[in-house]
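For reference, the structure is listed below as structure tokens.
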Amino acid sequence: MKNLLKILILTLILASCKKETEIKTEFPKSDFNLKTDLTNFKKKMTELDTIKVFFDHSVCTYEGFERIEITKKSDSIKIRTEFKELTFNENQNPNWNLVYEKKISETDTVWQFGKFIERNSNRKNSNEKKRGILIVENKKDTIQFFTNGLVDLNHFLEDYYLTMRKIYPENKNGIYGYELVEE
């Protein structure tokens with residue numbers, strides 16, 4: 001009887017320890033939803049989220065591609081951008097080159113990427129079989145933005161370039177277009 005009582009007590013102790021351990025090993029989760037939170041990503045994303053942005057700069061005979069990784073650390077946002085140009089590159093597999101890495105506050109009002117997304121919401125997720133110009137991913141969610149013809153593409157490029165020059169005013173190598181200088 002004593003042995004049975006000891007086993008019962010030990011079983012209860014082990015069971016309570018196991019439950020306590022299970023509670024402590026829960027992993028934090030993010031509630032960030034790409035489709036509903038993208039326009040306010042600076043505030044809504046957590047350190048567990050990574051937003052990946054792919055932008056196709058290609059027009060006519062020019063081919064250039066940009067990829068951006070947006071992460072959050074505490075109350076700041078890190079933007080890391082790489083670019084690959086194919087048109088003037090003789091190498092068959094050109095490398096992605098780091099263009100810039102910036103850190104901004106989550107309360108930043110200069111870089112309005114969320115407003116750019118909002119302005120262009122009519123371009124999202126077309127059912128037509130067209131080339132996605134802007135693709136945004138987070139975990140398994142993807143949003144694609146499309147244009148309709150060359151004129152529309154140029155308007156979209158202009159809006160994107162003006163938005164991105166706010167985060168990267170240096171605009172080295174004209175990644176975000178060139179400003180016309182009239183004499």
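The values are calculated or read from the model by the stated rules, or taken from the named source; none is laboratory data. What you are looking at is a predicted structure, and each value in this text was computed from that prediction instead of being measured. Virtual Cβ from ideal backbone geometry, glycine too; neighbours counted across all protein chains shown. Note: accessible area is taken over every heavy atom of the protein model, side chains too, but ligands, DNA and RNA are not part of it. Shrake-Rupley method; radii C 1.70, N 1.55, O 1.52, S 1.80 Å.
Structure notes:
- Selection count, region 76-114, where residues are open to solvent by 70 Å² or more (accessible area, probe 1.4 Å), modelled with pLDDT of 90 or more and in a loop (DSSP other than H, G, I, E, B): 4
- Check on THR147, among the hydroxyl-bearing types (Ser, Thr, Tyr) and either farther than 28 Å from ASN33 by Cα or in contact with a strand residue (DSSP E or B) (Cβ under 7 Å, 6 or more places away or on another chain) (or both): no
- Consider region 132-161 and keep the residues that are assigned to a strand (DSSP E or B) and under 11 Å from PHE55 (Cβ atoms). The one that is most open to solvent (accessible area, probe 1.4 Å) is ILE135.
- ILE143 vs. criteria in contact (Cβ under 8 Å) with a residue 60 or more places away in the chain and under 26 Å from PRO169 (Cα atoms): no
- Taking residues in region 168-183 that are more than 17 Å from SER58 (Cα to Cα), and partners anywhere that are modelled with pLDDT of 90 or more, the pairs with Cβ atoms closer than 6 Å and at least 6 places apart or on different chains are TYR168/TYR100; ASN171/ARG165.
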